[in-house]
Amino acid sequence: MSKPLPEQPKIITIERHILDEQRGHPEATGALTSLLYDIALAGKFIASRTTRAGLAEILGSTEDINIQGETVMKLDQLADQSIFRLNDHTGRLAVMASEEHEGILPIPAQFPSGKYVLLYDPLDGSSNIDYNATIGTIFAIYRRTSEDGPGTLDDCLQPGRNMVVAGYMIYGSSTMFVYTSGHGAHGFTLDTSIGEFLLTHPNIQIPTRPKYYSTNQGYERYWSNGIQHYTHWLQGKEGDQKGLSARYIGALVGDFHRNLLSGGIFYYPADTHEPSKPHGKLRLVYECAPLAFIAAQAGGYASDGRQDILDIQPVSLHQRTPFFVGNTSLVQMAEEFIRKFDSQ
Ligand code: FDP
């Protein structure tokens with residue numbers, strides 16, 4: 001009798017994972033599953049282009065005509081268009097909105113309208129492109145609130161609590177796709193040899209003992225007293241705890257991802273002593289809300305310094321908010337410092 005084959009490690013592709021999740025919802029039509037799969041496909045496409053970014057120097061710089069006679073597009077425009085075009089005709093979406101555009105992105109009239117809404121930041125941390133450092137894509141999916149017909153601005157302006165799925169792709173030393181549909185946060189790594197995202201980080205939980213704080217401390221002089229004291233507390237200069245190490249990539253996705261896996265806090269506060277960024281820099285609907293949903297699923301928390309990011313009702317598409325995200329205890333401590341020093 002032949003010997004039984006040795007047990008192989010279970011390989012779970014992103015498609016299988018999404019389908020398994022769908023099985024828990026007998027009422028599901030599969031539209032969300034397909035939508036996520038298309039977003040993952042856009043991620044693979046963007047990843048393949050990011051690795052060629054530096055070659056613009058010899059193949060033609062952006063906005064130039066390349067040797068095939070095509071205009072070489074900037075990577076952020078390319079990412080933006082890829083996501084839109086892969087999703088505009090599928091009948092799954094009512095409307096989209098992208099950080100790259102002022103207003104909502106209607107579904108072209110010749111295509112059917114669907115029940116979901118997609119908001120995305122196509123290339124987060126894009127100033128890193130020129131330096132071969134980490135960049136990413138962030139997205140959020142909601143159900144439309146309007147009845148039918150073309151989706152509306154109000155469909156896009158929903159509090160994070162209504163989100164159905166949040167996720168990001170990170171283009172670093174490998175490409176990863178991390179998402180949640182409210183049943184844990186799961187990470188997949190792109191196996192470039194087969195072109196598939198494989199489950200490598202099931203059910204991510206932020207380690208309870210944090211390692212890092214991530215912020216652009218070059219702006220410290222602009223911050224409120226509360227944020228300055230808080231930063232000193234994180235460094236171990238105030239209070240009696242050991243300080244954390246600092247890490248700042250300057251791409252939100254990169255900083256968030258590292259703290260998600262290692263424990264820590266990322267924050268981008270408002271400027272108090274400088275008028276240029278009274279609400280911080282980061283965008284509520286494209287960046288902060290989706291990462292807040294993922295953090296919450298991983299046992300963490302995100303705040304604007306006073307309230308849960310997921311509770312904020314957006315009033316405009318490009319609204320900015322101060323942002324603190326990571327280990328719950330660290331984010332709550334930021335809120336406490338703000339309450340103590342900045343409440344007058
Ligand atoms: P970028 O301007 O390179 O696109 O949201 C934009 C963002 O990057 C974040 O990814 C990043 O965390 C932040 O801005 C960096 O801003 P600072 O350069 O002001 O630190």
Kindly list, by first and then second residue, each pair from a residue in segment 279-306 that is free of Cβ contacts under 8 Å to residues at least 60 places away in the same chain to a residue that is of a type in the set (D, E, K, R) and more than 16 Å from the ligand (Cβ to nearest atom), limited to pairs with Cβ atoms under 6 Å and residues at least 6 apart or on different chains. Ser303/Glu335
Of the residues in segment 178-211, those that are among the small types (Gly, Ala, Ser) and closer than 17 Å to Pro290 by Cβ come to Ser181, Gly182, Gly184, Ala185, Gly187
Before we move on, is Asp311 surrounded by fewer than 23 Cβ atoms within 10 Å (Cβ to Cβ) and acidic (Asp, Glu)? yes
Please specify each residue of segment 278-297 satisfying the condition of being within 8 Å of the ligand (Cβ to nearest atom) and outside any helix (DSSP H, G or I). Lys281, Leu282, Arg283
Inside segment 221-238, can you point out the residues that are in contact with a helix residue (DSSP H, G or I) (Cβ under 9 Å, 6 or more places away or on another chain) and surrounded by 14 or more Cβ atoms within 10 Å (Cβ to Cβ)? Trp223, Ser224, Asn225, Gly226, Ile227, Gln228, His229, Tyr230, Thr231, Trp233, Leu234, Glu238
Filter segment 247-269 for residues that are farther than 16 Å from Ile129 by Cα and hydroxyl-bearing (Ser, Thr, Tyr); the one that is farthest from the ligand (Cβ to nearest atom) is Ser262
Just give me the residues in segment 1-49 being more than 19 Å from Tyr116 (Cα to Cα), hydrophobic (A, V, I, L, M, F, W, C) and either surrounded by 11 or more Cβ atoms within 10 Å (Cβ to Cβ) or touching a residue at least 12 places away in the same chain (Cβ under 8 Å) (or both), in sequence order. Ile11, Ile12, Ile14, Phe45, Ile46, Ala47
Restricting attention to segment 183-223, report how many residues are in a loop (DSSP other than H, G, I, E, B) and either among the aromatic types (Phe, Trp, Tyr) or at pLDDT 95 or above (or both). 14
Going by the structure shown, is Ile206 under 19 Å from the mean Cα position of the chain (by Cα) and within 14 Å of Val331 (Cα to Cα)? yes
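Each row is one residue, and each column tells you yes or no for (1) assigned to a strand (DSSP E or B); (2) closer than 21 Å to Val178 by Cβ; (3) away from the ligand (no atom under 15 Å from the Cβ).
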residue: Asp271; (1), (2), (3): no, no, no
residue: Ala302; (1), (2), (3): yes, yes, no
residue: Pro314; (1), (2), (3): no, no, yes
residue: Phe324; (1), (2), (3): yes, yes, no
residue: Val331; (1), (2), (3): no, yes, yes
Name the residue that is farthest from the ligand (Cβ to nearest atom), counting only residues in segment 116-152 that are of a type in the set (D, E, K, R) and crowded, with 20+ Cβ neighbours inside 10 Å. Arg144
Determine which member of the set Gln241, Gln228 is away from the ligand (no atom under 16 Å from the Cβ), free of Cβ contacts under 8 Å to residues at least 60 places away in the same chain and in a helix (DSSP H, G or I). Gln228
Within segment 88-108, work out how many residues are of a type in the set (Gly, Ala, Ser) and within 16 Å of the ligand (Cβ to nearest atom). 2
Does Tyr248 qualify as being part of a loop (DSSP other than H, G, I, E, B) and either modelled with pLDDT of 95 or more or in contact with a Leu (Cβ under 9 Å, 6 or more places away or on another chain) (or both)? yes
Take Phe111 and decide whether it is at pLDDT 95 or above and within 16 Å of the ligand (Cβ to nearest atom). no
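The values are calculated or read from the model by the stated rules, or taken from the named source; none is laboratory data. In this text, all values refer to a predicted model and were calculated from it rather than measured experimentally. Note that each Cβ is placed from the backbone with ideal geometry, even for glycine, and that neighbours are counted across all protein chains shown.
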